[in-house]
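Worksheet: one structure, shown below.
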């Protein structure tokens, strides 16, 4: 066996492994989501006699706050008393101005009372990251029985809050979190987010998170509805001031405190568009990748390698194998088999995207760029490890997270 034949065999095994990996991904997604709990459809129950405050923490969200706030203010009335707070965390753009204008235009007799709060400067000598400071400051002014935290890059269906509150009360939840539908805007999102959504859907244990007997805890930061007394008992965001991935930490505290956690699919009720461009996407995922994989170097690098194998290598192997089959005089069959296996793996990628279109209404747009998306994720993995461990360039929206790393 000569060197080219060995290379051809390695290429074939690689393409086969990619196809098997994608098959496992697709079957796993079908298995998980077939039994995953979902947000109930709205029923004819009367408006709940309780109180709710919606908190939208915002830092430089001028591009998002109008859409998010408008959808919240135009929501169906979820309960007898409710209000909305936008908490500005010292934004340097027009977030506050746009939020106040939106409240002035949208607010009316049928809408909740709404206001923009100023979080103020963060205390010197204390380590606060992300939205923890803004959320903790808002809670000092809240007396409602329920508190809903949503991110500014979220848009809600009109009945989303009412359905979530009703289900939370009926299921006696202390934390009720909805998994959103990821939507794409820029080209970078179309290349990366469908892959990330698939990995998140397969990797995060939604069934175990809902099992009171399991220690596994998970929640989605874009939509977290708390019973206020339970939130205060676990210490809330103030107890997690330096925690970068605060949603997971809050979910763990809820379970560890003996409270009830419910994490369900809210794909028809909550839309999340995370990033405006490649720069923001790179910053966001390089912040979260390593932390989301248990701060494990091997898991982080391994997962990045698997993504490259499944989504990028088939696109490289297909033209390479066809070229070698054309040029080769003796090993054409071997190279054509490699090309066939690579083509099957690419079809499996299309199958994953077809599944996400059917299940999550994500269009097939730019699906053929998943190979480039795999490269981006493959590079994000080691970058996230390096940033998180060294603190160098570890930022979110330009704010350094290095102090939290030192905590």
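Let me confirm something: among 140, 145, 126, which residue is over 17 Å from residue 267 (Cα atoms) and either free of Cβ contacts under 8 Å to residues at least 12 places away in the same chain or within 21 Å of the chain's Cα centre (by Cα) (or both)?
On the way: 145 fails: either free of Cβ contacts under 8 Å to residues at least 12 places away in the same chain or within 21 Å of the chain's Cα centre (by Cα) (or both); 126 fails: either free of Cβ contacts under 8 Å to residues at least 12 places away in the same chain or within 21 Å of the chain's Cα centre (by Cα) (or both).
Being over 17 Å from residue 267 (Cα atoms) and either free of Cβ contacts under 8 Å to residues at least 12 places away in the same chain or within 21 Å of the chain's Cα centre (by Cα) (or both) holds for just one of 140, 145, 126, which is 140.
For residue 153, the criteria (1) farther than 22 Å from residue 227 by Cα; (2) free of Cβ contacts under 8 Å to residues at least 40 places away in the same chain; (3) surrounded by 14 or more Cβ atoms within 10 Å (Cβ to Cβ) hold in every case but one, which is (2).
If you go through the stretch 237-256 and pick out every residue that is in contact with a helix residue (DSSP H, G or I) (Cβ under 6 Å, 6 or more places away or on another chain) and in contact (Cβ under 8 Å) with a residue 40 or more places away in the chain, you end up with 9. Of all residues in the stretch 15-60, those that are out of contact with any strand residue (DSSP E or B) (no Cβ under 8 Å at 6 or more places or on another chain), farther than 23 Å from residue 200 by Cβ and in contact (Cβ under 8 Å) with a residue 60 or more places away in the chain total 7.
Here is a list: 168, 214. Which entry is buried (at least 19 other Cβ atoms within 10 Å of the Cβ) and assigned by TED's automatic domain parsing to the domain that holds residue 72? Every option except 168 fails the conditions. Here the condition is being closer than 25 Å to residue 31 by Cα and in contact with a helix residue (DSSP H, G or I) (Cβ under 8 Å, 6 or more places away or on another chain); of 315, 355, 335, it holds for 355 alone.
The values are calculated or read from the model by the stated rules, or taken from the named source; none is laboratory data. On a predicted model such as this, the values are computed, not experimentally measured, just so you know. Ideal geometry is used to build each Cβ from the backbone, glycine not excepted, and the neighbour counts take in all protein chains shown.
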